[in-house]
Amino acid sequence: MKDRDINLDWIKGFLIVCVVLGHTMRVGSRAGVLDQIVLRGIYGFHMPLFMLLCGHFFKLSSPGEIARKTLKRLVVPYCVGSVLFGSLNVLQGRPIVEVLTNVACGRGIGALWFLYTVAFIQLIIAVGVCAYRRRASWAI
C-alpha cells in the first residue's frame, strides 16, 4: 500500500477552514472592504481546488464499481441530508413542491449541492467508461 501524502490532508484542512470562513463572513453591502477581499479570494479558489482533489482521489474501475461507490459515498448522504434540510425548509414555510424541486435539481438545500455535483460527474464517468469499453470490445 502506498504511503499517505500528508500534504494533501493539510490542503484539505485548509480548504475546510476556507469554507467555514466563507460561510460565516458577512456578505453583501454590509460587508467591510476586508471581508469582501477575503470572500472574493476564498471563492476564487476553494471550490475548484475541492473539485481537483476529488478528481485526484478518483480511481477508475469498473462502471458498476464506480456506480456502487458513488451511491454509497455520495448519493445516500445527499438523500439523508436532503430529507433533514428539506424538512426544516418545509417547517419554515417553504412550499413542499419547491423543496422537492430543489432536492431533485441539486440546488437550494445548503451545501449538499457539492455531493450532488460530484455524484453526477462520477456517474457520467461510469457511463462513459462503460460505453468506451463496449465500443473497444466491438473493434476487436
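Name the single residue that is farthest from PHE120 (Cα to Cα) among those in segment 90-108 being open to solvent by less than 70 Å² (accessible area, probe 1.4 Å) and modelled with pLDDT of 85 or more.
GLY93
Determine, yes or no, whether ARG40 is modelled with pLDDT of 80 or more and loosely packed, with under 15 Cβ neighbours inside 10 Å.
no
Testing LEU84 on (1) open to solvent by 60 Å² or more (accessible area, probe 1.4 Å); (2) closer than 24 Å to PHE50 by Cβ; (3) touching a residue at least 24 places away in the same chain (Cβ under 8 Å), one condition comes back false. Which one is that?
(3)
What's the number of the only condition in (1) at pLDDT 80 or above; (2) in contact with a helix residue (DSSP H, G or I) (Cβ under 7 Å, 6 or more places away or on another chain); (3) not charged (D, E, K, R) that VAL19 fails to meet?
All conditions pass for VAL19, except number (1).
The values are calculated or read from the model by the stated rules, or taken from the named source; none is laboratory data. None of the values given here were measured: they were computed from a predicted structure. So basically every Cβ, Gly included, is an ideal-geometry build from the backbone, and we count neighbours across all protein chains shown. Surface accessibility is based on the protein's heavy atoms, side chains included, excluding ligands, DNA and RNA. Shrake-Rupley method; radii C 1.70, N 1.55, O 1.52, S 1.80 Å.
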